[in-house]
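Here is the structure we will look at.
The values are calculated or read from the model by the stated rules, or taken from the named source; none is laboratory data. These figures come from a predicted structure and were not determined experimentally. Don't worry about glycine lacking a Cβ; one is built from the backbone with ideal geometry, like all the others, and counts go over all protein chains shown.
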């Protein structure tokens with residue numbers, strides 16, 4: 001371990017003047033401090049919306065071309081990446097391999113602290129490449145400090161392959177942001193508890209990840225209007241949701257929506273196009289195929 005390391009200059013490590021004397025406040029006063037600081041995290045994300053949008057479009061293009069999305073991080077950052085990746089299949093009905101979260105220390109680190117691994121750039125690169133990462137894929141490095149060696153190692157490996165790279169960091173002028181094509185720098189400021197980046201930095205990171213994955217999936221056609229049209233009716237709850245979606249979009253009675261879903265082979269997107277255009281399953285599937293599965297485009301081509 002490098003005993004000369006001094007990270008006190010990092011924005012995320014500094015002492016927050018707004019929370020000095022925190023332990024001497026009443027509980028409600030203490031929580032008010034947390035709440036006011038959390039608002040700053042939301043405002044910091046707003047400042048980065050143009051960069052987030054650029055990353056969404058670039059990542060979506062990668063996935064449309066047959067690539068995959070990977071997140072990598074250590075500690076809280078790694079856990080947030082794994083969480084976001086794991087929510088994509090149930091929310092958007094995409095294969096688990098499409099979005100992958102990698103955390104320093106492996107699955108054990110999801111529940112237990114495995115801090116030493118984050119200092120190894122070699123481990124970051126090895127863990128990424130072990131999953132078959134290639135030039136078609138996209139990598140988002142997540143590190144509040146903007147300097148985690150594990151993340152830098154993974155980004156270097158992706159860079160050497162000429163793959164798309166992006167990052168989410170909470171410190172300015174960081175080595176990670178300088179190494180990627182699409183840097184997202186959410187400057188949340190010093191934490192309420194100095195250095196505890198699971199707080200504002202973690203909140204802001206989660207907000208950005210929500211936007212990244214949801215924005216990408218919308219661009220992939222998994223959402224029509226604000227509805228999960230890629231939902232797979234594999235249990236009673238999801239059958240109910242699928243039928244309600246078809247009803248809302250087509251304006252048809254519930255019974256008719258049920259028949260459309262049955263006739264579509266259980267595809268909400270196909271059922272919608274069938275119902276809106278009054279065409280067969282085969283015709284609806286052909287329209288969707290020509291539009292990369294996007295319902296809006298399939299309907300637009302028919303003047304809807």
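Quick look at the values:
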| quantity | calculated |
| --- | --- |
| Single condition residue 41 does not satisfy, out of (1) under 30 Å from residue 18 (Cα atoms); (2) touching a strand residue (DSSP E or B) at 6+ places or on another chain (Cβ under 9 Å) | (2) |
| Answer residue from segment 9-58, given it is assigned to a loop (DSSP other than H, G, I, E, B) and touching a residue at least 60 places away in the same chain (Cβ under 8 Å) and is nearest to residue 168 (Cα to Cα) among those | 48 |
| Condition check for residue 110: touching a helix residue (DSSP H, G or I) at 6+ places or on another chain (Cβ under 8 Å) and farther than 20 Å from residue 205 by Cα | no |
| Any chance residue 183 is surrounded by fewer than 24 Cβ atoms within 10 Å (Cβ to Cβ) and modelled with pLDDT under 95 | no |
| Filtered residues of segment 238-262 (kept if in a helix (DSSP H, G or I), crowded, with 16+ Cβ neighbours inside 10 Å and in contact with a helix residue (DSSP H, G or I) (Cβ under 7 Å, 6 or more places away or on another chain)) | 242, 243, 245, 246, 247, 249, 250, 257, 258, 260, 261 |
| Hey, residue 193 in contact with a helix residue (DSSP H, G or I) (Cβ under 9 Å, 6 or more places away or on another chain), farther than 13 Å from residue 11 by Cβ, buried (at least 24 other Cβ atoms within 10 Å of the Cβ) and in contact (Cβ under 8 Å) with a residue 24 or more places away in the chain or not | no |
| Selected residue (only one of 135, 151 is in contact (Cβ under 8 Å) with a residue 12 or more places away in the chain, closer than 21 Å to residue 69 by Cβ, part of a loop (DSSP other than H, G, I, E, B) and assigned by TED's automatic domain parsing to the domain that holds residue 100) | 135 |
| Pick from segment 178-206, criterion touching a strand residue (DSSP E or B) at 6+ places or on another chain (Cβ under 8 Å) and in a loop (DSSP other than H, G, I, E, B), ranking: nearest to residue 25 (Cα to Cα) | 186 |
| Among the candidates 303, 221, 266, residue that is within 30 Å of the chain's Cα centre (by Cα), at pLDDT below 95 and surrounded by fewer than 20 Cβ atoms within 10 Å (Cβ to Cβ) | 266 |
